[in-house]
Amino acid sequence: MKQLFASSLIAAGLFAIPSVPATAQSIDIGPGGVRVDPRSPRERDRDEIRREDRREEFRDGRRDPLRREERLRREDDDED
C-alpha cells in the first residue's frame, strides 16, 4: 500500500511539472559552481547589446588619443 501511495505521488508530481508555467532562468554549471540567472532571455540579450556598445565606446575612446598622437608625430616629421 505504501509503495502504491509513493508511486502515485511521484506520478502526480511528474504530471504536475509540465502544467507549471516555465520561468525564464538560465542555469550555468561550471568550475566555479552553479549560477542561476533569473533574468528573461530578452533581458539577457539587452545586456549583451549594452556590453557590446560599451566595448565599442571604450575602443573608440582609446583609438581617438592614439590617432591624435600619431597625427601629431606625422606633423612633426613633416616639419623637419
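When you go through (1) at pLDDT below 80; (2) under 16 Å from the mean Cα position of the chain (by Cα); (3) open to solvent by 100 Å² or more (accessible area, probe 1.4 Å) one by one for Arg46, which number turns out not to apply?
(1)
Considering only the stretch 25-40, state which residues are surrounded by 11 or more Cβ atoms within 10 Å (Cβ to Cβ) and either touching a strand residue (DSSP E or B) at 6+ places or on another chain (Cβ under 9 Å) or modelled with pLDDT of 85 or more (or both). Show your work before the answer.
Step one: list which residues in the stretch 25-40 are surrounded by 11 or more Cβ atoms within 10 Å (Cβ to Cβ), which gives 25-26, 37, 39-40.
Selection gives Gln25, Ser26, Asp37, Arg39.
The values are calculated or read from the model by the stated rules, or taken from the named source; none is laboratory data. Bear in mind that the values here come from a model prediction, so they are computed numbers and not experimental data. All Cβ positions, even for glycine, are placed from backbone atoms using ideal geometry, and neighbour counts span all protein chains on display. We work out accessible area using only protein heavy atoms, side chains counted, and drop any ligands, DNA or RNA first. Shrake-Rupley method; radii C 1.70, N 1.55, O 1.52, S 1.80 Å.
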